[in-house]
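Visitor: The structure under discussion is supplied below as structure tokens; questions concerning it will follow.
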Amino acid sequence: MTPLLEMQGVSRVYRARRGLFGTGTPVRAVDHVSLQVAPGRTLGIVGESGCGKSTAGRLALGLERPDSGAVQFRGAPMAAPGTAAWRAERAQMQLVFQDPLGAMDRRLTIAQQVLEPLEIHGIGTAAERRERLATLLRDVGLRADLAERHPHQLSGGQRQRAVLARALATDPALLVCDEPVSALDVSIQAQIVNMLTDLQAARGIAMIFISHDLAVVRLISHEVAVMYLGRIVEQGEAEAVFAAPIHPYARALVSAVPVSGPRRLERIVLSGDPPNPAQRPPGCAFHPRCALALARCRTEDPDLVTQSDGRMVACHRAGELARAAA
Amino acid sequence: MAGLVSIRNLRVRFDGNEALRGVDFDVARGEAVGLVGESGCGKSVTWLAALGLLPGKATITGSVMLDGHELLGAPASQLDHVRGGRIAMIFQDPASALNPVHRVGRQVTEALRLHRGMDGAAARAEARRLFDLVGIPDAGRRIEAYPHEMSGGQNQRVMIAMALAGQPELLIADEPTTALDATIQAQILDLLRRLQAETGMALVLISHDLGVVAEMCTRVGVMYGGRIIEEAAEADLFARPGHPYTQGLLAARPDMAGPRRRLEAINGGVPEPWNFPPGCAFAPRCTVMTAACDAEVPALHTIATGHRAACWRAG
Ligand SMILES: Nc1ncnc2c1ncn2[C@@H]1O[C@H](COP(=O)(O)OP(=O)(O)O)[C@@H](O)[C@H]1O
Ligand SMILES: Nc1ncnc2c1ncn2[C@@H]1O[C@H](COP(=O)(O)OP(=O)(O)O)[C@@H](O)[C@H]1O
Ligand SMILES: [Mg+2]
Ligand SMILES: [Mg+2]
């Protein structure tokens, strides 16, 4: 099957001063990332803050242009931003992110916000839009009377549902969900996760699901990519990666998830903080925190290599570690 | 185990709304006990009230005994001695507890002066020792840094060093790793476990993450609607949850192992203090509720050895 979305060797470099690392040095937020999402499938992206997950999501949506590499949607390059073709593509792809209050206009009612994309894209008559609103609210499990409320009059879970209703209004083929449940309580998180799974099953939507919550990603994703400092260090079938991660960083990340009862992976506690992305260590960027690093890792950057089970791992010791894990 | 803190019928009102509705909870010397529950259920307010840290508009009743001495209504001089001395508290956001304009080392020496009467070279040496103890690399140099020059994980270590300055008998850690990345969270939890073993202090770990509490604590209290609704040894709570809310919380969490299953969501949302239901606060979301649940608040009662639940049907 041709992928719905494909990123090939995509890089994005920020030169702006920003936050702590305001030195003016370029930051490779996303570095040679390749990934694919097929219709009806979910790709999870995990990794610690600053590793480039959100940037990868914005590149996938064409909200940002890569400095190098290519992004293809339905087998064709993305349209140039601002053009009519680009706007038409926007309706096909939607972004859902963590902070629903930040994503909404406080002055508009829920109905106005949900219908906004239809108005922008000139879809349907006024009557058709009202009907669509009712369907959308029902699909995301919001009571019809909430339509006339303003965002601050809803609970966090209801706001996230409203944001989803808006994202679904144009019947998109691809949803990029950037930490969509991170701010929600467990019981509400479960409601939203179930809803996303149901919507995907009913509509065949492709999803990129970005989260630092590995258990949620494991549940919702078919495939998963683990990022470290702008690169994908391990990618493969979600259950396989979480059951037996190969890359030492992926192992540390998975083993760090607190669990009740016996753990399957021995806890690996990494020393040190993630490095400053503006000062990427030479060789394998993970080597300063890696307990398994060899001399070679300090100088030679490992490529993402496909292993015997189809998984891709960027580690000089991947073959050896995969055999040990199996 | 000998009792250290004993909370009885603790109630807190804000602007006429009861946020805590009768909390009973004990902490023994040296134990690690977890407090879980979704946001707004009263985890933080319980300990802020116990330590006299709530704003003046809060009306507090009940009893909080530390080693047989009542803390509620105690004179400020006595509370100052308790806070940071016998009981220290750390929070999710170290930035809120650290002073941005002072070097981190100075904040620790200040705590040492306040709680242990240490000054000058002795305080500086002790601050360095504490920085080493909490695993801040290159402690001699980092002591001179400002909070904004350190990462979130390093600032959390500084806050822990400050908390340790008074050699507390109890450390209240309120969501200490919630703002941190997974691998840094693992480091901080490891540190707390090690410090607890080395110093023998008791630990109350407040978290919305059941996994964090499971890994760190031997006993767990579950809060809902301003009350403890279940309390048990960690293994019992996870293996045999008695309260439908606890059961719901466990079923709503995705697992890291085993077959992937559909999550069991709990319907509805957490009630707000101004619209608490008359009986059991969980009744409107409960799948096994009966008429009795709406009529009266179920008391926390023993359902097995060391296991209590506030549900008519538990046990
Ligand atoms: N607009 C921007 N300008 C400058 N730097 C940015 C910008 N957006 C992200 N970055 C930097 O790029 C890196 C990756 O950021 P991001 O994609 O937000 O990571 P994540 O979502 O994984 O936390 C970080 O170092 C971040 O500071
Ligand atoms: N200073 C305050 N003024 C008014 N209400 C408050 C205040 N602090 C907490 N509350 C309310 O008390 C309840 C319990 O809050 P809290 O203990 O912070 O919950 P959590 O379990 O998330 O720590 C919530 O409904 C909260 O809104
Ligand atoms: Mg992000
Ligand atoms: Mg709290």
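The values are calculated or read from the model by the stated rules, or taken from the named source; none is laboratory data. All values derive from a computational prediction rather than experimental measurement. Every residue, glycine as well, gets a Cβ built from its backbone with ideal geometry; the counts of neighbours run over all protein chains shown. SASA here: full protein model, heavy atoms, side chains in, ligands and nucleic acids out. Shrake-Rupley method; radii C 1.70, N 1.55, O 1.52, S 1.80 Å.
Visitor: Compare the Cα positions of A:Leu142, A:Thr170, A:Leu115 along the charge dipole of region A:80-172 (+1 at Cβ of Lys, Arg; -1 at Cβ of Asp, Glu; about the Cα centre) and return the one farthest towards the positive end.
Guide: With unit charges placed on the Cβ atoms, the residue in question is A:Leu142.
Visitor: For B:Val288 paired with B:His148, estimate the spin-label separation in nm (one decimal), with each label point 7 Å from Cα along the Cα-to-Cβ line.
Guide: 5.4
Visitor: Say we join alpha carbon atoms closer than 10 Å with springs in a Gaussian network model of chain B; which of B:Arg128, B:Arg141, B:Arg11 then has the biggest fluctuation?
Guide: So, out of B:Arg128, B:Arg141, B:Arg11, the one fluctuating most is B:Arg141.
Visitor: Once phi is turned into ³J(HN,Hα) by the Karplus curve 6.51 cos²θ - 1.76 cosθ + 1.60 with θ = phi - 60°, what whole-Hz value does each residue of region B:86-103 show in order, with x for glycine and proline?
Guide: Along region B:86-103, the couplings run 7, 10, 10, 10, 10, 10, 4, 10, x, 4, 6, 9, 8, 7, x, 9, 10, 4 Hz.
Visitor: Still on this structure, I have one more. Please give me, ordered by residue number, the GluC sites (Glu not before Pro) of region B:86-156 that lie in loop per DSSP and have at most 15 other Cβ atoms within 10 Å. It would help to have the intermediate numbers written out before the result.
Guide: Numbers: sites: B:Glu110, B:Glu126, B:Glu144, B:Glu149; in loops: B:Glu144.
Of the GluC sites (Glu not before Pro), the ones in loops of region B:86-156 whose Cβ has at most 15 other Cβ atoms within 10 Å are B:Glu144.
Visitor: Roughly what percent of Cα-Cα pairs across the protein assembly as shown reach past 43 Å? Show your work: numbers first, answer last.
Guide: Working: 55458 of 205120 pairs.
That tail contains 27 percent of the Cα-Cα pairs.
Visitor: Using per-residue counts of other Cβ atoms within 10 Å, averaged over each peptide, order A:169-177, A:297-305, B:156-164 from highest down. Let's see the in-between values first.
Guide: Details: A:169-177: 21.7, A:297-305: 15.6, B:156-164: 26.0.
Peptide ranking by packing, descending: B:156-164, A:169-177, A:297-305.
Visitor: Leaving ligands and nucleic acids out of the surface, order B:Glu272, B:Glu230 by accessible area at 1.4 Å, largest first. Intermediate results must be reported in sequence, preceding the final value.
Guide: Values: B:Glu272 85, B:Glu230 0 Å².
Most to least solvent-accessible, the answer reads B:Glu272, B:Glu230.
Visitor: Taking just the C-alpha trace of region A:178-246, give me its Rg and Dmax in Å.
Guide: In Å, with Rg to one decimal and Dmax whole: 12.6, 36.
Visitor: Let me ask you something else. Taking a probe of 1.4 angstrom, what is the accessible area of A:Arg90 in Å², to the nearest 10?
Guide: 30
Visitor: Still on this structure, I have one more. In peptide A:242-253, what is the residue-averaged number of other protein chain Cβ atoms found within 10 Å of each Cβ? Display every interim value, and only then the final one.
Guide: Details: counts 3, 3, 0, 0, 0, 0, 0, 1, 0, 0, 3, 4.
Other-chain Cβ atoms within 10 Å of each residue's Cβ, averaged: 1.
Visitor: In deg cm²/dmol, rounded to 500, what helix-only [θ] at 222 nm does chain B give when every DSSP H run of at least 4 residues adds -39500 (n - 2.57) and the total is split over its residues? Provide the component values of the computation, followed by the final result.
Guide: Values: 12 runs with 109 residues, N = 315.
Per the formula, -10000 deg cm²/dmol.
Visitor: When the Karplus curve 6.51 cos²θ - 1.76 cosθ + 1.60 is applied with θ = phi - 60°, which whole-Hz ³J(HN,Hα) does each residue of region A:77-89 get, with x for Gly and Pro?
Guide: x, 5, 5, 6, x, x, 7, 5, 5, 5, 5, 5, 5
Visitor: While we're here: Averaged across orientations, what area in nm² does the convex hull of the alpha carbons in region A:80-172 project? Kindly include the intermediate steps, with their values, before the conclusion.
Guide: Values: hull surface 23.7 nm².
Over every viewing direction, the Cα hull of region A:80-172 projects on average to 5.9 nm².
Visitor: How do B:Met256, B:Met65 rank by accessible surface area computed with a 1.4 Å probe, from largest to smallest? Write out the running numbers ahead of the final one.
Guide: Numbers: B:Met256 25, B:Met65 60 Å².
These residues rank, largest area first, as B:Met65, B:Met256.
Visitor: Just grab the label-to-label distance for A:Arg138 and A:Ser68, each label 7 Å out from Cα along the Cβ direction, in nm (one decimal).
Guide: Each label point lies 7 Å from its Cα, and together they span 5.2 nm.
Visitor: Quickly work out the A:Asp171-to-A:Arg149 label distance, labels modelled 7 Å from Cα along the C-beta direction, and quote it in nm with one decimal.
Guide: Output for this residue pair reads 2.9 nm.
Visitor: Something else now. Treating the Cα atoms of region A:91-135 as identical point scatterers in vacuum, please give the log10 of the normalised Debye intensity I(q)/I(0) at q = 0.20, 0.25, 0.28, 0.29 Å⁻¹, two decimals.
Guide: Taken in order of the listed q values, log10 I(q)/I(0) reads -0.74, -1.03, -1.14, -1.16.
Visitor: While we're on this one: Quote the FRET efficiency, to the nearest 0.05, computed for B:Trp274 versus A:Trp86 with a Förster distance R0 of 51 Å and r equal to the Cβ-Cβ distance.
Guide: Numbers: r = 47 Å, r/R0 = 0.92.
Efficiency computed from Cβ-Cβ geometry: 0.60.
Visitor: Where the only charges are on Cβ atoms (+1 Lys, Arg; -1 Asp, Glu), what is the dipole of the protein assembly as shown about its Cα centre, to the nearest 20 debye? If you can, show how the numbers build up before the last one.
Guide: On the way: 68 positive and 66 negative charges, 151 e Å.
In total the dipole reaches around 720 debye.
Visitor: Quick one: helix B:182-199 against the long Cα principal axis of chain B, what's the angle to the nearest 10°, folded into 0 to 90?
Guide: 80
Visitor: For the Cα atoms of chain A, what angle does the longest principal axis make with the long axis of helix A:186-203, in degrees from 0 to 90, nearest 10?
Guide: The answer is roughly 80 degrees.
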